[in-house]
Every structure is written in structure tokens, then in C-alpha cells.
Amino acid sequence: MSGEDTSGNAVRRDRFSGGPARSFLSSLSADERIFDADLAVDRAHTVMLTEQGIVDAESTKAILAALEEIEAAGFGALPDGEDVHEAIETAVIDRVGPEGGRMHTARSRNDEVATCIRYRLRGDLLEAIEAVCGLREALLASAAEHVSTTMPGYTHLQPAQPTTLAHYLYSYEAAFRRDTERLTEAYGRTNRSPLGAGAFAGTTFDIDRERTAELLGFELLLENSMDAVSTRDFCLESVAILAGLATTLSGLAEDSIGFANRDYLTLADEYASTSSIMPQKKNPDALELVRAAAGEASAGLDGLSTTLKGLPRAYNRDLQEATPHVWRTVDTVTEATDVTAGAIATAEWNGPALADAAAEGFSTATGVADLLASQGVPFRTAHEVVASAAERLGSGELAYREAQRAAIEAAAEDLLDDPLESYVSREALAAVLDPEESVASRDSTGGPAPQAAHEALEDAQEALADDGEALTERREALASAQQTLDKEVSAYL
Ligand code: ARG
């Protein structure tokens, strides 16, 4: 027996001293990520235990002093252990003696680890939100310069209808705005405290869960103590949102790679790479890696959800393997978001080349059908006339307005009762065949017309400013809780 021996590790002693499975069991190296979180949780819990009269002030002082030393020595100086919680407790007992063991009164590693994960993840979510806001800012800055730059809009990779570059860029900004919203909601559900749930069944001690939540900056408690230690739904939610964000990023990366390939976009050298053999090459490697990040993120989601699937209540060690999926995913996606923001902010759009391409592939055809329909031709008939005109155009003449006009006239003659002139004037037809006028006429809410784009820009900038403020408020709330905790701790030292 080694009941008196405080030199071994605090939790396992020599009954489970290790053996072949020791490193398999240990999460210590992965736990570096929650080292600071665990120190904060230890401090808040110890302060609360003293305030509640559960632990004497002298032991508290010694424990808090030991935690200061452990923090200063750094993660690398921790004794070996099954995880960071055990290693820190061992280090406290090494310094304080058996009284240090009072730190773990009225808690379990189950509520401890769940609290640490939430404490760390909420900070990571704020970083992710900041990165997404940075990307939105870059998209809006480019959009503001290109409200009137026409470009081809695509469906099935084929030129479909002319639009503007601003309209295209807003389409991504809108998606990333929703990701900001989703991440913010996930933050709210992450920022709740499981501490005080014990192993799962609460405790006989008269603890104050609200107090530890307050000292750690959590907005709410996870009430049910079994739910509090069992659930990793907040991880699942965050990782799913990040995987969705990465999927959208991959689309933007893919588009940008294609645009760079056609010289519609010139990437800054910092976001490109070279070939080791072909001297002329400038490759869009950074964006290709952004495109690939979706693979890592969806692997993270899959790894996490299959680890969690079928776990019985309340705590099972499988949960230890769930967390690394979360860290990998949030790191990958946040970095990919930052890189995309940088690539977009530094890229040069080739306005004239985009405008030249805007009418490619008879992309104004829908506007012609709309014009005929507005002059009394049933839309389906108008669609047939223009489809027939498109068929009459040779592939080389698809973008030529003279050829387009002639083909439309010929098709109308075959398919309509009256000649084309009796439905639409030459000027009206010329206007819809002009990509710029075509874009300007599509001024429905959210459409590409410059007027609608100006409104969209204002809305988007306002939303971004609000999101930036909300982010600052959340950071301030966390910083102020940290200050309170620091103050409480120093009062004992
Ligand atoms: N390292 C563990 C984890 O990450 C901490 C909790 C250990 N709890 C237990 N009952 N073995 O989940």
C-alpha cells in the first residue's frame, strides 16, 4: 500500500501503475491544449471550496501558490500522468503534501474535463468567428470596387447570365455571414458550465456551481449533472458548423482557382507557389489547400460523430478520443479561413477581361426571352424562340450581338405569328443583348443591378460591424471574468 506516498501519481497510485497500456491510456500530450483551462478550473474550484467553508484557507493558499508555480514551470514540466488533470494534481501534491489533495474535493475528472474543453473551445470559436469576419471584410472590400464590373455568371460551369463581380462576391459574404451566426450560437451553447456535476451524480458537499461558472466566465450552468458530464453535443455542433464553413470555403477556392486560370483574377505571389521543374509556373497552391481543408473538416466531423455514437450514459473513456477531432478541425478551418481572406484581399481582379467574357455563350438569352414575354408572348413560347435562335448560332458567333440579333429574327419568323418588330423594338432588343444593360435591368431585391448592390453593401457592412462588436463584447466578458478570478486568487496568496 502506498497511502502515505505522495510521490507517485495522485490518481492511479501503484495499483494501476501502468504497464503496456500506459501510453495508450494517456491523453497527456493531447491535453497541452487544455493546460491553461485546467489551471483556471482548478483555481475557480478551489476558491469556491474555500468560500463555501469546504476547504480551509491555509490549504487553499498552499494549493493556489502551487498552481502559480506549476503555471510558471509550464506544461513541459508536469510529471507523467494519465492526463493533464491528474498530472497537475500530482504536481500540487508534490509541492503541498497531502493537503494538496483537498483540491479535488467535490468534483471528478469527468466534470473537470468537460469544463476544460468548453473553456478552451469557446476561445477557439471566437478566433474562428474573427477569421470569418476578416474574410467577409475582404469580400466586401473587393465588392465595393466592382459594383459595376460585369462578369459571366455560371451554372453547370457554363456561362449562364451576366452578373457583376460585386453580386458574385456578396453571394459568398452572405454565406459566411450565416456561418458567423451559427458559430455565435454554438458559442452560446458551449459557454455553459458543467463544473460541480461530479462524476455525473452531483455531490454531497454544499458547493456553489453559479460561483465557479461566474469565476470562469460561463453564462449558464448545464443543470442536469448527468447531461453535464456526458454530452459532447456542443463539440458536434461546432465541428458540423466548421465543416459546413470549410465546404463553402472550398467552393470559393475552386471558383478562384478557375478564375485565376482564365486570367480573370491574379493572385498575389504570397498566395501562390512555383514548380520545382517548370520555371514559368505560378500555381494557386494556397487555395488548393483551402479546397482540401474541407476534407480534413469532414473527416473531423465523421471521426467525432462516430466516436460519440452509441456511447452509454454517463462517462466513457471513448470521450477522450473525441476531443482531438475538435481541435484539429477548428485549427484547420480557422487557418484556411484566414488564408482565404488574405488571398482575396491581395488578389487583383481583371475587370476588362471579366466584362469581355460577360456575354460569352449567349448569356443574355434569358433577358431576350423575358423581353418577349413582357410584350405579350407567353414565356414558354419566348423560351422556344430564343432556344431556336441559340441553336442557329455557330459556336464561334455565340457572343456576337449582330449574329444574335439575326438568329433571333430568323427564329421569330419561324415560330411567332408576327414579325419580331411588332413585339420589340430594335433598341429594346439591343439593350437586353448588352450585358451591362442586362445586369442593370435585374434590379429585383438581391439582384445584380448596381443599385441593389449598393443597398446590399450597406446591409453587409452594418451586419459586419455588429458582428465585430458582439465579438468584442464576448471577449471583454471573458477578460473580465479572468480578472475577477485573478483578483480572488491573489487575495489568498
Ligand atoms: N482524460 C480524460 C478525458 O479526456 C479525463 C477524464 C477521465 N475520467 C475518467 N473517468 N477516467 O476524457
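The values are calculated or read from the model by the stated rules, or taken from the named source; none is laboratory data. All of these numbers come straight from a predicted model, not from anything done at the bench. Here Cβ is always computed from backbone atoms with ideal geometry, including for glycine, and neighbour counts include all displayed protein chains. Side chains included, ligands, DNA and RNA excluded: accessible areas come from the protein's heavy atoms. Shrake-Rupley method; radii C 1.70, N 1.55, O 1.52, S 1.80 Å.
Here are some notes:
- Overall, region 158-214 carries a charge dipole of about 180 debye about its Cα centre when +1 sits on the Cβ of Lys and Arg and -1 on the Cβ of Asp and Glu, all other atoms neutral.
- Förster radius 30 Å - calculated FRET efficiency between A160 and D414, Cβ distance, rounded to 0.05: 0.75
- Per residue, the chain exposes an accessible area of 46 Å² to a 1.4 Å probe, with every protein chain left in place.
- Solvent exposure, largest accessible area first (probe 1.4 Å, DNA, RNA and ligands not counted), of Y172, Y187: Y172, Y187
- Taking each residue as 0.36 nm, the span from A72 to L220 lengthens on full extension beyond its C-alpha to C-alpha distance by 50.2 nm.
- Note on Q375 and R262: with the Förster distance fixed at 45 Å, the Cβ-Cβ geometry gives a FRET efficiency of about 0.80.
- Its residue count N sets the reference 2.2 N^0.38 Å, and the alpha-carbon radius of gyration of region 377-450 equals 1.16 times that reference.
- Placing unit charges on each Cβ (+1 for Lys and Arg, -1 for Asp and Glu) gives region 167-285 a dipole about its Cα centre, and among S238, F218, M278 the Cα reaching farthest toward its positive end belongs to M278.
- Estimated FRET transfer efficiency (R178, S444; beta-carbon r; R0 22 Å; 0.05): 0.55
- The label-point distance for K309 and S148, in a model that sets each label 7 Å from Cα toward Cβ, rounds to 5.6 nm.
- Full-stretch length increase - K281, E458 - with 0.36 nm per residue and alpha-carbon distance subtracted: 59.8 nm
- Gained length - E270 relative to E288, 0.36 nm times residue gap less alpha-carbon distance: 5.1 nm
- The packing ranking of peptides 454-460, 249-255, highest mean first, is 249-255, 454-460, where packing means the average number of other beta carbon atoms within 10 angstrom of each residue.
- Pairs of alpha carbons in the chain whose separation is greater than 34 Å (percent): 52
- Candidate residues L28, L304: accessible-area rank, largest first, probe 1.4 Å: L28, L304
- Placing +1 on each Lys and Arg Cβ and -1 on each Asp and Glu Cβ, with no other charges, gives region 391-430 a dipole about its Cα centre of roughly 240 debye.
- Residues listed by number, region 113-154, amide nitrogen under 15 Å from E237 label point at 7 Å toward C-beta: 118-119, 121-123, 125-126
- The Cα center of region 459-493 and the Cα center of region 86-141 differ in position by 16 Å.
- Here the label points at L493 and A479, each 7 Å from Cα along the C-beta direction, are separated by 2.0 nm in the simple model.
- Share antiparallel - DSSP beta bridges, the chain, percent rounded to 5: 80
- Think of region 331-458 as a dipole: +1 on every Lys or Arg Cβ, -1 on every Asp or Glu Cβ, centred on the Cα centre; then among H454, G351, A440, A440 lies furthest on the positive end.
- Centre separation in Å (Cα based) which lies between region 395-420 and region 309-348: 54
- Over region 56-195: Rg over Rh, Cα atoms, Kirkwood Rh: 1.30
- Under 24 Å from the Cα of K487 - lysines, other chains or at least 8 residues apart: K61
- When the charge dipole of the chain is built from unit charges on Cβ atoms (+1 for Lys and Arg, -1 for Asp and Glu) and taken about the Cα centre, the candidate among S298, L157, A410 whose Cα reaches farthest toward its positive end is S298.
- Rounded to the nearest 20, the Cβ-based charge dipole of region 347-443 about its Cα centre (Lys and Arg +1, Asp and Glu -1) stands at 140 debye.
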